[in-house]
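Colleague: Dumping the structure here so I can ask a few things about it.
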Amino acid sequence: MTVERYLQETGSASTRTSPFPLVEYVPAMLAEDPFLERFLDGLDHILGPLIVQVDCLAEYLDPRLTTREMLEFLGYWINAQVLADMTDDEVRTSVLTARELNSLRGTSAGIEAWLKALAIDDVEIDDSGSVVISGDISDPSTWPAAPPAKVTVTLGSSAMGSEEFERLEDGLHHLVPAGVLIEVKGGPAKKKPARKNATREQ
């Protein structure tokens, strides 16, 4: 049950009265006092929304059930990639998979898991790697320069628009170390500029 459904069935958080009326917890002699009854009823209207919020706290913290605003808040705390133009389902997927992606961040497996979360399965990832070693004791400054580390992501037949492609490229830069080059092959075809037809004056 989502939080919105819960509030629909139990009443709005702003109008919900307390499920535990205070008048039921005072001696019977005081409960019969009209003034005290109205006074306690006013307190129930204050405490009611608080009790409702606490009662469904677990649902607020569950990415599968909570609201979009709470999803973005949870995503901020667990370092999930949440963009403003994402749909609610995409944000939920991002938050739900953030723990796994954070443990794999900086690896080819992390990139593959992130792409699968975006329903992109037809992809090939090539991690060049770059290590320079020497069997002799020598000055590291004399060693040959190592080629820069590079990750090449080749997209297959996955159809995507230009905006989705830009989001893909932006997301990849958050999944690899800062010094690693990223190259994306494939994706949407770039539109060629329209040619102007020249006219001749007769």
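The values are calculated or read from the model by the stated rules, or taken from the named source; none is laboratory data. Here the structure is a predicted model, which is why all the values come from computation and not from measurement. Note that each Cβ is placed from the backbone with ideal geometry, even for glycine, and that neighbours are counted across all protein chains shown.
Colleague: Please go through the range 89-112 and pick out each residue that is over 14 Å from the mean Cα position of the chain (by Cα) and free of Cβ contacts under 8 Å to residues at least 60 places away in the same chain.
Modeller: Scanning the range 89-112 gives 103, 104, 107, 108, 109, 112.
Colleague: Every residue in the range 27-56 that is farther than 18 Å from residue 17 by Cα and either of a type in the set (Phe, Trp, Tyr) or exposed (fewer than 11 other Cβ atoms within 10 Å of the Cβ) (or both), please.
Modeller: Scanning the range 27-56 gives 27, 28, 29, 34, 35.
Colleague: Something else: Being farther than 29 Å from residue 153 by Cα and outside the structural domain of residue 178 (by TED's automatic domain parsing) narrows it down to one of 85, 89, 33, so name that one.
Modeller: Unique residue meeting the criteria: 33.
Colleague: Residues that are out of contact with any His (no Cβ under 8 Å at 6 or more places or on another chain) and farther than 19 Å from residue 175 by Cα, at least 3 per element: which helices (runs of 4 or more DSSP H) completely within the range 16-107 meet that?
Modeller: Here the list reads 28-31, 34-55, 57-60, 68-77.
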